Structures are given as structure tokens and as C-alpha cells.
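Readers should treat all values here as calculations from the given coordinates under stated rules, not as data from a laboratory. Predicted model, so just to flag it, every value in this text is computed and none were measured. Cβ atoms come from the backbone with ideal geometry, glycine included; neighbour counts cover every protein chain shown.
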Ligand code: UDP
């Protein structure tokens, strides 16, 4: 049993953030969620967590939160996170994500916080030389979104060198699935991710799923991705807290197995027992044919092991959430406002 810690979670009302909050609470830690609710949901914040509705651009609100609590660590999820949007409006991402993160880093350093766990991305690897992709792969961001995450990784590097703020940069591949407690799941607006969109096509909420290109050099012509359960990501966040006693770290987080878009569709059909109408469309700009992580380093260093490694179990969880909450968090009573 570890000693309870007090953790600030920015973006704790969002998809990955809320699952990490649940994991922290399950381990007996105290949690303060800091979220502007522009993308997150108040109903995703459990009553056991303190909730501050504010924006990281608001330095006064940040200073207040750091003066009210003494944090052992910060988990930083709050960010704009849609790759396609970042291609349309790079400034919003390069400016928005970096300024808010720099504010947070400065506030953490000023308050004497020693550890920060950062939600980074596989989008750092826009031109991988080797699959699976390990931590030695050259960083070459695939979009302004990825670039903004890399800018923050660099800021964290210097915050360690100059101020001793230890950080863990966790590069997620494709986060998917839902919490087995049935209370949390994926609810983006607008939704852009494959698995929820395919489920919507299965239920008739959307007329079909469009496959973005079937002429890639892959086993069935569609793109291959590494889908990792959101609770396995949350588990990694808790494990790195201990590693940060020693040094800053960076880890690629995936299952190490790739599934094609068609394989995802087949899995949804198996799990739901429904037929998914499919249309093949053009490639989506910026998509790479294959993205698969090597997570050997975090397995070796921290004994991390995915608890939900296979696609069907990930999709079964996502389906359980989606069928219980067809309108997502809308309509659920806000637990913390
Ligand atoms: N995709 C698709 N149709 C959709 C949404 C996604 O074919 O409506 C494909 C997309 O091209 C990619 C994969 O599904 O190859 C996963 O996309 P997603 O947006 O979920 O995550 P990404 O890999 O872009 O982070």
C-alpha cells in the first residue's frame, strides 16, 4: 500500500483524464480536477474528487489552486487534441497547448512540485523508420497537434534541468475502451475516433462508417493502429509516479499489436451482433499506414502489463458503456458542479 498522495489532474473531466482520476481514487490518493469543461464533462468527475472549473490560461486561477493544496504531483491532460483541427488551425494548437502548459509548469515549479506526468502522443512519430516504434525513434511530429505536444516535452526537459521538476512523457497510441465500473467512457463532441464511430454505424445513429482509404500497403489495404485500453494507460500513469523518484522518463504506450480499420469493424460486428454499413472513401490527409508501439521499455522498467490486450475485450467494454449511455454524459447528473 503506497502512502496517499495529493494529485492535481488537469483535463480530469476528459476521456483519459477521468479514467486516471478513477485509478488514483481507487488507490487511495486525493485528487483535485482542474478542467474548463470545454471538452470534458462535469458528470465524469466523481464526488470524491475536488473540482475546479477553470482554464489553464487563467494564471490567477492556477496560482489559487496551487496555494490551496500542496500537490505531490501533477497529471497534465488538458489540451486541444484533434489532429485534423490542428491541420486547419495550427496556431490554436501551437499557441494554445504550449501557453497553457507553460503556465502550468511555471505554477508547479513555483509551488515546489517535484513530479509531473504528461499526456503525450504517438503523433510525435510522423515518419517512423521501424515498426514497432520504440522510444529511440526520431521525433518528427505528424501535425501541429503532435508538434505542440513535443514543444511541451521540451519545456519539461528544461524544467527538469533547471528546476528539478521530474516528468514522465507518455506517448499514447490509440486510447480506446471504457472503465469496467460502467461509469466512464468515451464521449467526444464531435466524435472523430474510429471505434465510437463504428459503434454508431452499428446502431444506426450514423448511416455508415467511412473507411478512410483502402489502398494502403497493409494486409487488407486499410490503416493499422495499436489500440490500448484507457485503464491500461491509467495504470501506467500511476506506475511512473514511483519511477520519478529517480529521474525523468518517456515511454511509448501501446499493446504492440496492430489492427486494421476493417478488423476493428469486424470486431464491432462480432461484439454487437449487428452489421456495420461501410463505405470506402479517400485517404484522410496525414494518416500513416501503420502505427504500432513497442512498450518493451515500460514493461521492463516498471513491470507494466496491459490488462486488456485484445481488441475484442477493449471493444466489448466500449460497447457496454455506449449501450448503457447512448447519449454519453449528457443527461447524467453532474456529480461535481
Ligand atoms: N478512420 C476511418 N474512418 C473514420 C475514422 C477513422 O477509416 O471515420 C481510420 C483512420 O484513418 C485511422 C484509424 O481509423 O487509420 C484510427 O483513426 P482515429 O481517428 O480513431 O485515431 P488516429 O489513429 O487518427 O489517432
What is the gain in length, in nm to one decimal, between residue 301 and residue 284 on full extension, counting 0.36 nm per residue of separation less the C-alpha to C-alpha distance? 2.5 nm
Starting from the Cα gyration tensor of the range 268-332, take the square roots of the eigenvalues, sort them a ≥ b ≥ c, and report rounded, prolate or oblate (rounded when a/c is under 1.5, otherwise prolate if a/b is larger than b/c, else oblate). oblate
Using Cα-only point scatterers and the Debye equation, what is log10 of I(q)/I(0) for the range 146-187 at each q in 0.18, 0.31 Å⁻¹, rounded to two decimals? -0.67, -1.05
Over all directions, the average projected area of the alpha-carbon convex hull for the range 252-296 comes to how many nm²? 4.3 nm²
State, as an integer percentage, the relative contact order of the range 1-149 based on alpha-carbon contacts under 8 Å between residues 6 or more apart. 23 percent
Going by average Cβ density within 10 Å per residue, which order do the peptides 228-237, 83-92 take, highest to lowest? 228-237, 83-92
One would report the antiparallel percent of DSSP beta bridges in the chain, rounded to the nearest 5, as 5 percent
Of all alpha-carbon pairs in the chain, indicate the percentage at a distance above 25 angstrom. 50 percent
Where does each of 109-116, 7-14 land if you order them by average Cβ count within 10 Å, highest first? 7-14, 109-116
Taking the Cα atoms of the range 1-82, report the difference between the largest and smallest coordinate on each principal axis, in whole Å and largest first. 36, 27, 21
Please order 76, 193 by the number of other Cβ within 10 Å, starting at the fewest. 193, 76
Out of 180, 326, 285, a Gaussian network model of the chain with alpha-carbon springs under 10 Å gives the largest mean-square fluctuation to 285
Kirkwood hydrodynamic radius (Cα pairs, Å) of the range 58-212? 17.5 Å
What is the angle, in °, between the Cα long axis of helix 15-26 and the longest principal axis of the Cα atoms in the chain? Nearest 10 is fine, range 0 to 90. 60 degrees
GNM on the chain, Cα springs under 10 Å; top mean-square fluctuation among 324, 243, 202 goes to 324
By Cβ neighbour count within 10 Å, fewest first, 304, 321, 69 rank 69, 304, 321
Counting each pair of different Cα atoms once, what's the Kirkwood radius of the range 120-170 in Å, rounded to one decimal? 11.5 Å
For the range 88-128, the spread of Cα positions along each principal axis, largest first, Å: 37, 24, 10
Is it possible to state the helix-based mean residue ellipticity at 222 nm for the chain, with each DSSP H run of 4+ residues giving -39500 (n - 2.57), the sum divided by total residues, to the nearest 500 deg cm²/dmol? What is it? -12000 deg cm²/dmol
Tilt of helix 144-163 relative to the longest C-alpha principal axis of the chain, in degrees (0 to 90, nearest 10)? 30 degrees
Percent of C-alpha pairs per 5 Å bin, the range 1-145, short to long: 2, 9, 18, 20, 18, 15, 10, 6, 2, 0
List, largest first, the extents of the alpha carbons of the range 142-296 along their principal axes, each in whole Å. 54, 36, 30
Using alpha-carbon coordinates, inclination of helix 230-243 to the longest axis of the chain, degrees: 30 degrees
Gyration tensor (Cα only) of the range 54-116 to equivalent ellipsoid, semi-axes in Å sorted down, yields 25, 11, 9
Of all C-alpha pairs within the range 147-223, those more than 18 angstrom apart amount in percent to 66 percent
